[in-house]
Amino acid sequence: MPKRLSRPHRPALAAAGALLGGLLVAVPITAVASASEPDWSACLEGPADRQAVFERAAETSGVPAEVLLAVSYMESRWDAHGAAPSTSGGYGPMHLTDLPALAKGTQAHPDPLGKGDGSHQARTTRQREEAVRLGEVETLRTANDITGIPVADLREDAVANICGGAAVLADYQKAAGGAEDLADWSAAVGRYSGAADEATALKFARQVFATLSTGESRTTNDGHRVTLAATPVSASEEAVGRLGLAESGTGEAVECPAVLGCESLPAPYEQTGDTIGDYGNHDLASRPEEGSVDYIVIHDTETSYDGTVRLVQDPTYLGWHYTLRSVDGHVAHHIPGKDIGWHAGNWYVNSHSIGLEHEGYAADGAWYTEAMYQTSATLVRYLATSYAIPLDRAHIIGHDQVQGVAPANVAGMHWDPGPYWDWSHYFDLLGAPIKADRRARSEIWTVHPDFDTNTGNLMTGCTEEGAPCPSDRGTNFVNVYSEPSVDAPLLPDTVVGGSAKVSNWGPRLAAGQKVVVNDRTRSDWWGVWFGGKQGWIQNPREVLLPSAGKVVTAKAGTTAKVYGTAYPTKAGDYPDGVTPRTIAPLQYTIPAGQKYVLADAKVPTDYYKANNFNCATVDGVPDCIVITGDTVYYQIWFNHRIAYVMADDVTVTNG
């Protein structure tokens, strides 16, 4: 049978591991082999049914089955992803971490520096080296040391992965002094998160024990039905405290639910040059008293967590409000909600939004941890309540949904969090599931593909230019075709075309987005208006839900212009000394007769003037002021992105 490998005991690290790069270095607690040592070969042998594997791993390791199931659910929802790592370098149902995996190349999408032009950059050599350095923080090698199961099997084989994860949990609990009841397992669970601070480890333990208390049941992405029966029990704060982890950097300034244990890492508001306009990396404001917060923008980082928080603490770079770490769901708070981050590449959206960066990669990361999904949802619910933001896909948006402010900006806007972000599950966690809200016939339909089974969408360039992306991964979108046939070209967007590149948002409708269906004469194909053109969606009865709402159409005999902002349009709206904003229509129009779904009829018409450090008044012209106008705009679902139209250009009717 495989033997438990031993290495020199390091007492100072035994109880809780060591800190490196802000994370916990997983150091296995080793011992001399004995007759009572678990037989890991027995764990590997037997039925591959996932429920049976969890039971077998629990029996072999001594970890209660319900604890093992709950930890795995919080990491992966019991899913297996083969050789594909998570966005934090974890593998399999137990998310065994092998962080050197993050050193692999990724699809870079550089972001030029500039106020509000986005927050992502290509992964540099330095960042790859950092990922390798953080590779010392890994449970994969720990599992290998304990069980002798080959590393490749622990990565790619779900049975071996579950056995390895059980071994690590058992080892961690032994180091914590054993367990007399389920709550005592909070120590091993908290340490398994990899968190370096007590607040985050306790947050993870609470998430795991909440799952244990409520129970869960689902069919995994590879077809296994797994059930965790409800066992009411709470995480033990005392048990997690025995790990001796560092205190978190929380403080009074942290705007975050207390249960998340968010860390305060303020983004610098500093002058960076000789002139009053040289400063970074966000703007002072007084939201919501002056100016509203209407959107939460979901980003991914395209680099490691450590690399991301370094960037947001650079006054010459850009700023966003929160960063979330994938491996444990840790949250760092950077900018107060009242202030405006430079994150979305559209100043109007910036001035009305809060930006959340999630550690991950839009193309090659493949999957996000449940810990981060749940933490993000808890944070977003808190923010939505604080700022009265609707919990819908018109207001909880991806960076990929943000239009350019002007025609020249449209093509360069970002496409994160990408096709592998599970919007449907995310909105379930938000308590606002994407679902049908109308039984009668409707011309408005909401996109809702089943993420786990929505595979096979042709995409290229996930790992290298032109190469096809893996076809077995769940995705969040449906393609829009130029004709009712899979052999037809994808519907080309006016600006970015219709290629199958993973980064090309042009011909895609994502979960939660709404569209007007104009042709239902074919059983397998329905016609839709999309981006000013006629498009076609395959098998709509499986992916489109009938929805209530209103639609807009261009006034009779006209075409309607489409905008990326809702700025005041009249020179008289702007105070003396302030240059009126140029309101440039985008390259798109709404042709006569086409209809688009109304997303918001109460769009603020304003422009936030913020040009000077510390809001200084220059030549009698005040700064940090909200300039409003009386032009009425509507927000609409237009193509993959949100857009604005002027009320005077359209007619609104029931859908």
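The values are calculated or read from the model by the stated rules, or taken from the named source; none is laboratory data. The structure displayed is predicted, hence computed values, not measured ones. Every residue, glycine among them, receives a Cβ derived from its backbone with ideal geometry; neighbour counts consider all protein chains shown. SASA here: full protein model, heavy atoms, side chains in, ligands and nucleic acids out. Shrake-Rupley method; radii C 1.70, N 1.55, O 1.52, S 1.80 Å.
Observations
- Counting the residues of the stretch 212-244 that are assigned to a helix (DSSP H, G or I) and surrounded by fewer than 22 Cβ atoms within 10 Å (Cβ to Cβ) gives 5.
- Among the residues of the stretch 34-86, the one identified as of a type in the set (K, R) and touching a Cys at 6+ places or on another chain (Cβ under 6 Å) is R56.
- Matching residues in the stretch 437-486 - criterion: being part of a strand (DSSP E or B), under 20 Å from the mean Cα position of the chain (by Cα) and touching a residue at least 60 places away in the same chain (Cβ under 8 Å): V447, V478
- Residues satisfying the stated conditions in the stretch 487-505, i.e. farther than 20 Å from H414 by Cβ and either of a type in the set (D, E) or without any contact (Cβ under 8 Å) to a residue 12 or more places away in the chain (or both): D487, P489
- Looking across the stretch 179-211 at every residue that is under 24 Å from G89 (Cβ atoms) and of a type in the set (D, E), the one that is surrounded by the fewest Cβ atoms within 10 Å (Cβ to Cβ) is identified as E198.
- For the stretch 518-554, taking the residues that are of a type in the set (A, V, I, L, M, F, W, C) and open to solvent by 30 Å² or more (accessible area, probe 1.4 Å), the one that is nearest to D493 (Cα to Cα) is identified as W529.
- Filter result for the condition that a residue is under 23 Å from the mean Cα position of the chain (by Cα), modelled with pLDDT of 90 or more, within 25 Å of F209 (Cα to Cα) and among the aromatic types (F, W, Y), over Y192, Y172: Y192
- Total residues in the stretch 245-276, condition more than 23 Å from A188 (Cβ to Cβ), loosely packed, with under 14 Cβ neighbours inside 10 Å, touching a residue at least 40 places away in the same chain (Cβ under 8 Å) and not aliphatic (A, V, I, L, M): 1
- Those strands (runs of 3 or more DSSP E) lying entirely in the stretch 594-642 with at least 1 residues among the aliphatic types (A, V, I, L, M) and crowded, with 17+ Cβ neighbours inside 10 Å: 595-600, 625-628, 633-637
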